[in-house]
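What follows draws every value from the coordinates through simple rules; no lab data is involved. Note that this is a predicted model, so its numbers are computed, not measured. All Cβ positions, even for glycine, are placed from backbone atoms using ideal geometry, and neighbour counts span all protein chains on display.
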Amino acid sequence: MSAEANMTTTNTVTPNTINIDGQDIPFKNGQTIMDAALAAGVYIPHLCHKPGLTPHGSCKLCTVDIGSRSMSTSASDRRTQTKFSVDIDRRSVSACTTPAVAGQQISNDTPALNEVRKTITQMLFIEGNHLCPACEKTGNCTLQAVAYHLGMLDGHFPQFFPRREVDASHPTVMLDLDRCILCELCVRASREVDGKNVFAIAGRGINAHLIVNSPSGKLVDSDLETGDMAVHICPVGAILIKEHGYEVPIGRRTFDLHQVGEIGLEPVILAKARHTNE
Amino acid sequence: MSKIRIATTSLAGCFGCHMSFLDMDERLVALLEHVELNRSPLTDIKHCDPCDIGLVEGGLCNADNVHVLREFRANCKILIAVGACAINGGVPAMRNHFNLRECLEEAFLNGVGVDNPQIPNDIELPLLLDKVHPLHEVVHIDYYLPGCPPSADEFLSVLGDLLEGREPALPKNLLHYD
Amino acid sequence: MSQPSRTITIEQLNTFIADAGLHSSHLLHILHAIQQRFLHISHEAVNEVASHLGLPISQVESVVEFYSFFYNTPRGRYNILLSNCTSCGYKSGGENLLRMLCHRLRAVAGKTRGDGLVSIDETSCIGMCDHGASLLVNGMPITRLDADKIARIADLVETETPLADWPADWLRVDDNIRVITGDLTAASGKPSRMASSSTSGLLLNNDFVAGGGLHAMLARGIEGTLAEITQSALRGRGGAGFSTGMKWKFCREAQGDAHYVVCNADEGEPGTFKDRVLLHSHADAVFEGMTVCAAVIGAKQGFLYLRGEYRYLLPHLQTVLARRREQGLLGNSILGQQAFNFDIEIVVGAGAYICGEESALIESLEGRRGVPRNRPPFPVTHGYLDQPTVVNNVETFVAAAHIALCGSAWFKSVGTEKSTGSKILSVSGDCAAPGIYEYPFGVSIQQVLNDCGAKSVQAVQIGGPSGALINPAKFNRKLGFEDLPTGGSFMVFGQGRDLLTIIVNFAHFFAHESCGFCTPCRVGTTLLKNSLDKIAGGHGTQYDLDEMKRIGELIKRRSHCGLGQTAANPILDSLQRFPQIFEQRLAHGNFEPYFNLDGALEEARQVTHRDDAAAHLE
């Protein structure tokens, strides 16, 4: 889709399609932009999203710019009261939580947006302690893979070096909060898939952190089990299964063999997270 | 044509990045037709002359690291942070979980098998920073070469770009942090 | 004053929680009661509360850790929180009153004194900006602080004098409603001056009789009343300005098991205190507006979400509610109408600016961390308990009550085309007469400055830190949705102020109040805070300015909610309009380290007992 077409309001809108980077993409009612994109084989970078779980919209990696040929001109929309051009009028939204609406003109894979995503990824790296060479998850880590996808060479910002806890109390699962990116995939997987409620986020701002729902606050006193989805869904090395370190050598891990942008990779990532003799 | 002058050093690192640099093997020969090594553990030259490129491995864990890094910044037109430790502190930064005093007491007073326990305080020894820091927190860094270590191919890619006067652009297939 | 007990048994804890639950079973209220009684909320208490209320332990724990007024380690028997706002903060008078109080009481800020007597800390704006430096001691505001009063407070604390025996005058909070003479129907431009006669404005003229709006509504009919609200073109007074009539109409039409009315009295924007005054002196109009809304949307239950800093207003508000029930203005069969049943519960927050965001407020009402929801769906269809809910500002409900009484034509007689009616401003900072001012929309900044007696003004912050910083060249700009929308905070900064210090203050505020949900705001507000500290400390370069601009723009555009989307405004505004305040602090050179190199050697010097030349870094 050319820039001129973006600005034109007379083009007809194909029913139940959205347009991402010039490509018309069909959607069903109730689908988000992310749902429609993934179904059509279009990758929008994401970390806190996993098909099947309630969309969250916190990591902001799936930030896209959106305009519409039937854009709201209601007086209550403060953006329309400003005197900026159409360009500025485009809204920034999370693809994973924004419903697909016919006629949406969406920018996704653009240099500017990928630069924004790279900066957000750098923020995630420097707020925690992501020491990849010392992490068992390296090569299977989605945070790392997204950073590769975005061509991130460094954390750019000064490191926060927070002091965070390790909880090794559980017989088979360990929790290393140094690497937690607060995506809440484990929180949601435990509630929505495992039928438990093992994890939650406490605190606020830069001090927000993952907690365990047990009388002692320790993992060993929760009802977490090795087979739970919550154990395997962690995109980083915050939740690891004990006694299964480095079974797959570095160089032959998921993202040594795949790009994060390959569609349909979710089962591969999850399968890799499970071990044969669990 | 005069050769491109390169300096290298390892700060709070393990020399693994230097070993990986040497993994270029026979390709080193071709490279050395275009570059000459100035200050480097490979030449044992102790101080930098003005250089075109500085490759710095390791992060900053003590006062001496800071002095060396500043010498590199002052003398190198292009300064490259090489490897995980230079870029985010890496494995040495795992001590940032503890106070420096705790680290020193564990190593020199309370550790298993310590004989004649005392914390070294000779003025010849550089003092440790309270935390290990990446290079870009102290000087401006022009480019980053991630990996633990970066592969010989990564070194060649970036040096190749620079030798030909291009902005370095590491191909995504070479990009890794481990 | 009760002693903190560290040997409390589980049985005692259980009994206490059960008793507290008789008053209100709301999680925030039970936690507040525990905090008051035991001076902290222990891990055991968290487990017992969870068990009593049938909540996950992690939910209770996460709430305790989210809100500023809950603590998991014991506070002092006197818990003193000094506002750090630029208008009512401990530095607003020039002296550092926090340091002074800590020194007097031999206490360290943020830590409880060893004997458990006192803890001193700072807190975000407590809404006393028209009273100068102010603090909360065990939740009670003490205003007009100065060095003398700090010394006397220290004595009273040291002698463990019960709060009830402190000078009553200290606890007095005035309305400070400033009356402006002149023709209020003229939008602006006419000179006016303060005087004690004449009306104070459309809403504050105080002739509202409890029940008047409801009687008028019954006479006009519910449809007719909604039509009046819509025709009045009343827009939300929180600052965003959504049409109130539309909001009520959408909610009325939304399907649900129940509909709810929520009054947002979480007035947390630094420099705003109009709701304090409305709740204190116009509570009937607030509750009446809510009741009118309830009739329109078909709600039986309403909530007033009161910010924790205003807890001292709770007894007064409860009294007004009780009276209104007696008068038949609340409860079953309001004014004898069979099907008109509505009551209001007050839920008190616990120190979290983000709960002023309507969906975060609803989360808090439901007993969770105040994290803004994804929208759509909006509260009008999926609000409290996922049911259709109207959330309006205190001032909006007051306006609605008056419109129900006097009609839309009366309301539209002042203001401008797109900003009808009046706006109540909270004026604070460097001016002769800080306080509450009511103006027709469309008034210019200069007019307000003239009226409040502000001279040699350097800048004005409109709408609080999340609003806009205006330089003198733009003092002809007008307050209203056409030009400068505002929730009402109007902070005046005189020539004597260091603007950079104010921008630093705002950056710390946002980093402290970010909920932590989305990456750009969680990390970005801290990055901005650190950058500003670096610059203010004389260690910034042009590179740091460029970085701040880049991060600021990203946070503004990519954050999840209004907090993040506005957190960078003070920095972006001042970089554009007051670049010199940054430039004059910049260090020479292109780059300065992000940390103090010599300071980073201090611990090593201590451990090794070295202080030779090589033991230092420049």
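Within the P(r) computed for region C:212-412, what percentage of the Cα pairs occupies the region above 31 Å?
In whole percent, the share of Cα-Cα pairs in region C:212-412 beyond 31 Å is 9.
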Calculated FRET value between C:R477 and C:E553, using beta carbons and R₀ = 35 Å, to 0.05: 0.95
Residue order, fewest to most beta carbons within 10 Å, for A:K218, B:K46: B:K46, A:K218
Under-5 Å amide H pairs with A:T63, H placed in peptide plane, nonlocal only: A:A95
Restraint check, C:K247/C:K418; C:K418/C:K478; C:K423/C:K478; A:K50/A:K272; C:K478/C:K549, Cα-Cα greater than 21 Å: C:K478/C:K549
Charge dipole of chain A about the Cα centre (unit charges at C-beta), most positive-ward option of A:N129, A:S169, A:A102: A:A102
Per-residue ³J(HN,Hα) for region C:386-392, Karplus 6.51 cos²θ - 1.76 cosθ + 1.60, θ = phi - 60°, Hz, x for Gly and Pro: 6, 9, x, 9, 9, 10, 10
Candidates B:H140, B:H97, B:H18: whichever shows maximal mean-square fluctuation once chain B is modelled as a Gaussian network with Cα springs under 10 Å: B:H97
Cα-centre dipole for the protein assembly as shown with unit charges at Cβ (Lys and Arg positive, Asp and Glu negative), debye to 20: 3180
Note, ³J(HN,Hα) from phi for region C:583-588, Karplus 6.51, -1.76, 1.60, rounded to Hz, x at Gly and Pro: 4, 6, 9, 5, 7, 6
Selection from C:V108, B:L37, C:L82, by position along the positive dipole direction of the protein assembly as shown (Cβ): C:L82
For C:T501, C:T608, order by how many other beta-carbon atoms lie within 10 Å, fewest first: C:T501, C:T608
Diffusion constant of region B:1-153 at 4 °C, which comes from Stokes-Einstein with the Kirkwood Cα-pair radius and 1.567 mPa s, µm²/s: 78
Under-5 Å amide H pairs with C:V347, H placed in peptide plane, nonlocal only: C:L304, C:Y305, C:L306
Highest-MSF residue in chain A out of A:C135, A:C62, A:C183 [GNM, Cα springs under 10 Å]: A:C135
Near-label residues of region C:75-96 by backbone N, under 18 Å of a point 7 Å along Cα→Cβ of C:S456: C:93-94
Cα long-axis angle, helix B:152-163 against chain B (0 to 90 degrees, to the nearest 10): 60
Total charge dipole magnitude, region C:500-583, about the Cα centre, Cβ charges on Lys, Arg, Asp, Glu only, Debye to nearest 20: 260
Residues of type aspartates and glutamates that B:K3 reaches as a straight line, Cα spacing below 16 Å, ignoring anything fewer than 8 places off in the same chain: B:E33, B:E36, B:D49, B:D52, B:D161, B:E164
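Out of all DSSP beta bridges in chain C, what portion is antiparallel? Express it as a percent rounded to 5.
Numbers: 26 of 55 bridges.
Restricted to chain C, the bridges split so that about 45 percent are antiparallel.
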At R0 = 60 Å, FRET efficiency that the Cβ-Cβ distance of B:A107 and C:R144 yields, to 0.05: 0.60
Top positive-direction residue, dipole computed over the protein assembly as shown with Cβ charges, set C:L321, C:S574, C:C355: C:L321
Residue of A:R204, A:R117, A:R191 that the Gaussian network model of chain A assigns the largest fluctuation, springs spanning Cα pairs under 10 Å: A:R204
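Run through region B:97-135 and list the GluC sites (Glu not before Pro) located in a DSSP loop whose Cβ has at most 16 other Cβ atoms within 10 Å. Working shown, then result.
On the way: sites: B:E102, B:E105, B:E106, B:E124; in loops: B:E124.
Here the sparse-neighbourhood loop sites are B:E124.
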Pairs of alpha carbons in the protein assembly as shown whose separation is greater than 60 Å (percent): 13
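Could you give the dipole magnitude of chain B about its Cα centre, charging the beta-carbon of Lys and Arg +1 and that of Asp and Glu -1, in debye to the nearest 20? Each step should come with its number before you reach the end.
Numbers: 13 positive and 26 negative charges, 81 e Å.
Taking the Cα centre of chain B as origin, the dipole is about 380 debye.
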Label point distance in nm, A:N114-B:E26, each placed 7 Å from Cα along Cα→Cβ: 3.6
Longest site-free stretch - chain A; sites: chymotrypsin sites (Phe, Trp or Tyr not before Pro), DSSP loop, at most 15 other Cβ within 10 Å: A:85-245
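For region B:75-178, state which trypsin sites (Lys or Arg not before Pro) are in a DSSP loop and have at most 13 other beta carbons lying within 10 Å of their beta carbon. List each step's numbers first, then the result.
On the way: sites: B:K77, B:R95, B:R101, B:K131, B:R166, B:K172; in loops: B:R166.
Answer in residue order: B:R166.
Using the C-alpha gyration tensor of chain A, what are the square roots of 5 times its eigenvalues, in whole angstrom, with the largest one first? The partial results should precede the final answer.
Details: eigenvalues 271, 75, 71 Å².
Largest first, chain A gives 37, 19, 19 Å.
Just flag the trypsin sites (Lys or Arg not before Pro) in region C:452-518 sitting in loop per DSSP whose Cβ has no more than 14 other Cβ atoms within 10 Å. If you can, show how the numbers build up before the last one.
On the way: sites: C:K455, C:K474, C:R477, C:K478, C:R497; in loops: C:K455, C:R477, C:R497.
Qualifying residues, ordered by number: C:K455.
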For region C:10-66, alpha-carbon Rg relative to the globular expectation (2.2 N^0.38 Å, N residues): 0.95
Pairwise centroid distance, computed over Cα atoms, of region B:107-126 with region C:325-378, Å: 63
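What ranking of A:E247, C:E363 emerges when the number of other C-beta atoms within 10 Å of each C-beta is taken as an exposure proxy, fewest first?
A:E247, C:E363
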Solvent-free Debye scattering, log10 I(q)/I(0), computed from the Cα coordinates of region C:95-173 at q = 0.12 Å⁻¹: -0.31
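Would you mind checking A:K118/C:K556; A:K196/A:K218; C:K111/C:K534; A:K118/B:K172; C:K249/C:K300; A:K60/C:K556 for any pair whose Cα atoms are more than 19 angstrom apart?
Details: A:K118/C:K556 16 Å; A:K196/A:K218 15 Å; C:K111/C:K534 26 Å; A:K118/B:K172 14 Å; C:K249/C:K300 17 Å; A:K60/C:K556 13 Å.
Those over the limit are C:K111/C:K534.
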Amide H partners (placed H, <5 Å) of C:S514, local residues excluded: none
Using θ = phi - 60° and Karplus 6.51 cos²θ - 1.76 cosθ + 1.60, couplings along region B:99-115 (whole Hz; Gly, Pro as x): 5, 4, 4, 4, 4, 5, 5, 5, 6, 10, 10, 9, x, 5, x, 6, 10
